[in-house]
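Enquirer: Below: one structure in structure tokens.
The values are calculated or read from the model by the stated rules, or taken from the named source; none is laboratory data. The model shown is predicted, which means the values in this text are computed figures rather than measured ones. Here Cβ is always computed from backbone atoms with ideal geometry, including for glycine, and neighbour counts include all displayed protein chains. In case anyone asks, the SASA skips ligands and DNA or RNA and just uses the protein heavy atoms, side chains included. Shrake-Rupley method; radii C 1.70, N 1.55, O 1.52, S 1.80 Å.
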Amino acid sequence: MAGGGPVCGEREDARTAYWRFLRWWAAVAGLAFQGGRSAVAAADDVLVVIDIDARKLTVYRNGRPVKTYPVAAGRPGEPSPVGEWRVTDIAHWPGGPFGARWFGLSTPWGSYGIHGTNNPGSIGTYASLGCIRMFNEDVMTLDDLVKVGTPVKITGTTEVYYKLPVYRRGAVGQDVVLLQLALRAVGFDPGVADGVYGGATEQAVTGAEWWFGLDPDGVADAALQRLVGFRP
């Protein structure tokens, strides 16, 4: 699992070894069910958009909404990961805390996914450890719409903002996603807002530095952060 980060679950003890084992097994089972297909499999024309402020998940095909579902999102202190992800693994469950289905996401700082629940009363609230919960009858319908590689965009308010005085290649986290989105908003494309400060983000920072008359070293210091609207 990525960096020993948050583990999705439905109980206060979701960080225990038992629940970490369940999450690991979900990933293994997901690959087995799909014949080991990788996360770069074609996603066709389907896009999943999750608005955590509205607690809604919408499936788009060819740019048009085809299904909208209510969801539960991360509770205070355990925010859902805003950003642009892909489905990495899919697992079928007989029930329990992950409900009937698990769709793992490519977040690099923790294990997050879209899944069912054995607590349907939580749907429509902020109740999870960061994952996106759905009614079991709803999450099962995603099998016909979503596969490994399908893009998933999560939007909305997050508790995590800037954390570092300086950002450079190799930084990873929710705050990096927000820096990437800020760069994009002012016209400097960092590629996918995936929370990884890689080459594309470095190039976007360098371009912004040239534009604003700063030293173009590809490092997002406090001055660059303020100019692109990332830091007040």
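Enquirer: Amide H to amide H, which residues 5 or more places from Ser106 or on other chains are under 5 Å from it, using H placed in the peptide plane?
Expert: Those qualifying (amide H under 5 Å, at least 5 residues apart or on another chain) are Arg86, Thr88.
Enquirer: Can you order the peptides 196-202, 49-55, 108-114 by their average number of other Cβ atoms within 10 Å per residue, highest first?
Expert: So the order, starting with the most tightly packed, is 108-114, 196-202, 49-55.
Enquirer: Over 21 Å apart: what share of the alpha carbon pairs of segment 39-107 falls there, rounded to a whole percent?
Expert: Percentage above 21 Å: 31.
Enquirer: A further question follows. Would you mind telling me the share, in percent, of accessible area of segment 69-118 contributed by carbon and sulfur at probe 1.4 angstrom?
Expert: For segment 69-118, the apolar C and S fraction of the accessible surface comes to 55 percent.
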